[in-house]
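K.L.:
Pasting a structure here, questions to come.
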Amino acid sequence: MTKQTLRPLDGTTVVSLEHAVAAPFCTRQLADLGARVIKVERPGSGDFARGYDQRVNGQSSHFTWINRSKESLALDLKQPDALGALMQLLEDADVLVQNLAPGAAARMGLSWEALRTRFPRLIVCDISGYGADGPYRDKKAYDLLIQSEAGFLSVTGTPQEPSKAGISVADIAAGMYAYTSILSALLLRGRTGEGSHIDVSMLEALGEWMGYPMYYAFDGAPPPPRTGASHASIYPYGPFAAGDGATVMLGLQNEREWKVFCEQVLRQPALAADARFASNALRNAHREELQALILAVFATLDAAQVVERLEQAGIANARVNDMAGLWAHPQLAARQRWRSVQTPAGPVQALLPPGANSAFDYRMDAVPAVGEHSEAILAGLGWPAERIAALYADASVQ
């Protein structure tokens, strides 16, 4: 099948007052689908996520990941002329996204209430820690703080110590719901002709992802215990050391698999009928005893032999990869999931977005420098060169 040159969001313009992770992750996915994303940044320093680290040829790892295919417009929105330029952009924009500090957008006249009359077709998406109202509305929110508020830390880690996620899971959750909410709002506008307001909170986004442990602790019941890398309520499901010191991850889901595991992997078929392990609930209750039995068998094998037995038995398993292992993953290579993306410091490899589509190719354009597109964007609004120069007279970038 020949792919189209048209992408789903070609012709859609998104203006984003964004920093850090949640909003940039949302808008990068809109750009993946063809949207023109104009990223408004502070002149000079830009999005503060640019300074998180220098791991990618001197550039930030976070920024490189979630800011490709965007145009960077440097504006000091405290200047009336700069705010006027933003308002000009909104005249033809489809979406405004912002995750500024609580109340900052409203103070600049960029609230949904202030914009809806002037721009009736505009979709406004506000991303915040706790939402537009309620007692926590003005409370500062960072990813780890929301992981804590949402109870994520209470179910993650070891029995001795809670642990945060190794990625910005609250920001990513909020970014995903903002992205899908904007797609829904665009579909709705196609039917009604009117824009709408989207209020996404990090707490509510991660709270939705906490649905299983919340219901597990329903009506005051004990919550799931912290079990490290093992599953909290299914056993055996987690990491097990082999005799060569390597770790194999495996998971059993039902009684048929438990019987096969005993017969073909542990090669102790009588264990399947052991009263201590006759159901998942019992295996979970006696996990220390069962772990000792499994480790005793695995100690006589290297990791490759353990995996071979698991594969032959049809038991789910995985390598415990590090980042080098993910970069070199044979499945990603076989499915041709890598593309070269330009950055201000040269090309880097980037993963294609999940979901290979038969109809179109995702957009995989460059990561911008601060203000790289300022002059072109303002000229496109009809600004003469003299006015553009005056706007940036005291700025370090254009």
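K.L.:
Please determine, by comparing only the residues of region 72-113 that are charged (D, E, K, R) and in contact with a Ser or Thr (Cβ under 9 Å, 6 or more places away or on another chain), which one is farthest from Glu18 (Cα to Cα).
P.N.:
Asp92
K.L.:
Take region 314-324 and flag every residue that is farther than 17 Å from Tyr235 by Cα and surrounded by 11 or more Cβ atoms within 10 Å (Cβ to Cβ).
P.N.:
If the condition is that a residue be farther than 17 Å from Tyr235 by Cα and surrounded by 11 or more Cβ atoms within 10 Å (Cβ to Cβ), then Arg319, Val320, Asn321 are the ones that fit.
K.L.:
Tell me yes or no: at least one residue of region 90-110 is in contact (Cβ under 8 Å) with a residue 60 or more places away in the chain, surrounded by fewer than 20 Cβ atoms within 10 Å (Cβ to Cβ) and in contact with a His (Cβ under 9 Å, 6 or more places away or on another chain).
P.N.:
Within region 90-110, one or more residues are in contact (Cβ under 8 Å) with a residue 60 or more places away in the chain, surrounded by fewer than 20 Cβ atoms within 10 Å (Cβ to Cβ) and in contact with a His (Cβ under 9 Å, 6 or more places away or on another chain).
K.L.:
Look through region 135-170, keep the residues that are charged (D, E, K, R) and within 19 Å of Pro224 (Cβ to Cβ), and return whichever of them is surrounded by the most Cβ atoms within 10 Å (Cβ to Cβ).
P.N.:
Within region 135-170, the match that is surrounded by the most Cβ atoms within 10 Å (Cβ to Cβ) is Glu149.
K.L.:
Of everything in region 26-45 that's in contact with a Phe, Trp or Tyr (Cβ under 9 Å, 6 or more places away or on another chain) and farther than 22 Å from Pro353 by Cα, which residue is surrounded by the fewest Cβ atoms within 10 Å (Cβ to Cβ)?
P.N.:
By that ranking, first place goes to Arg42.
K.L.:
Continuing with the same structure: List the pairs whose first member sits in region 136-154 and is β-branched (Val, Ile, Thr), whose second member is modelled with pLDDT under 95, and whose Cβ atoms are under 9 Å apart, counting only residues at least 6 apart or on separate chains?
P.N.:
Between residues of region 136-154 that are β-branched (Val, Ile, Thr) and residues that are modelled with pLDDT under 95, there is no close pair.
K.L.:
Which numbered condition trips up Gly131, out of (1) surrounded by 14 or more Cβ atoms within 10 Å (Cβ to Cβ); (2) free of Cβ contacts under 8 Å to residues at least 12 places away in the same chain; (3) not hydrophobic (A, V, I, L, M, F, W, C)?
P.N.:
(2)
K.L.:
Please specify each residue of region 51-69 satisfying the condition of being buried (at least 19 other Cβ atoms within 10 Å of the Cβ) and in a helix (DSSP H, G or I).
P.N.:
His62, Phe63, Thr64, Ile66
K.L.:
Give the residue, chosen from Ala23, Ala82, Ala31, that is in contact (Cβ under 8 Å) with a residue 60 or more places away in the chain, closer than 19 Å to Ala114 by Cα and of a type in the set (A, V, I, L, M).
P.N.:
Every option except Ala82 fails the conditions.
K.L.:
Looking at Ala281, Ala273, Ala229, Ala241 in this structure, which one is surrounded by fewer than 14 Cβ atoms within 10 Å (Cβ to Cβ) and in contact with a strand residue (DSSP E or B) (Cβ under 9 Å, 6 or more places away or on another chain)?
P.N.:
Checking each option against the conditions leaves just Ala229.
K.L.:
I would also like to ask the following. Out of all the residues in region 273-302, which are closer than 17 Å to Glu263 by Cβ, at pLDDT below 95 and either under 36 Å from the mean Cα position of the chain (by Cα) or of a type in the set (Asp, Glu) (or both)?
P.N.:
none
K.L.:
Keeping to region 187-208, report how many residues are in contact (Cβ under 8 Å) with a residue 40 or more places away in the chain and either under 21 Å from the mean Cα position of the chain (by Cα) or not in a helix (DSSP H, G or I) (or both).
P.N.:
Count: 14.
K.L.:
Restricted to region 364-392, and to residues that are among the acidic types (Asp, Glu) and not in a helix (DSSP H, G or I), which residue is farthest from Trp65 (Cα to Cα)?
P.N.:
Once the filter is applied, the top-ranked residue is Glu372.
K.L.:
Under 6 Å between Cβ atoms, at least 6 apart or on separate chains: pull out the pairs that start in region 337-357 with a residue that is loosely packed, with under 12 Cβ neighbours inside 10 Å and end on any residue that is not in a loop (DSSP other than H, G, I, E, B).
P.N.:
Partner pairs satisfying both residue conditions: Gln349/Trp338.
K.L.:
Right, next: From the set of residues in region 376-398 that are in the same structural domain as Gln54 (by TED's automatic domain parsing) and within 31 Å of the chain's Cα centre (by Cα), which is surrounded by the fewest Cβ atoms within 10 Å (Cβ to Cβ)?
P.N.:
My answer is Ala376.
K.L.:
Further, regarding this structure: Could you tell me whether Leu90 is within 12 Å of Glu41 (Cβ to Cβ) and of a type outside the set (Gly, Ala, Ser)?
P.N.:
No.
The values are calculated or read from the model by the stated rules, or taken from the named source; none is laboratory data. In this text the structure is predicted, and so the values were computed from the model without any measurement. With ideal geometry, Cβ positions are generated from the backbone for all residues, glycine too; neighbour counts draw on all protein chains shown.
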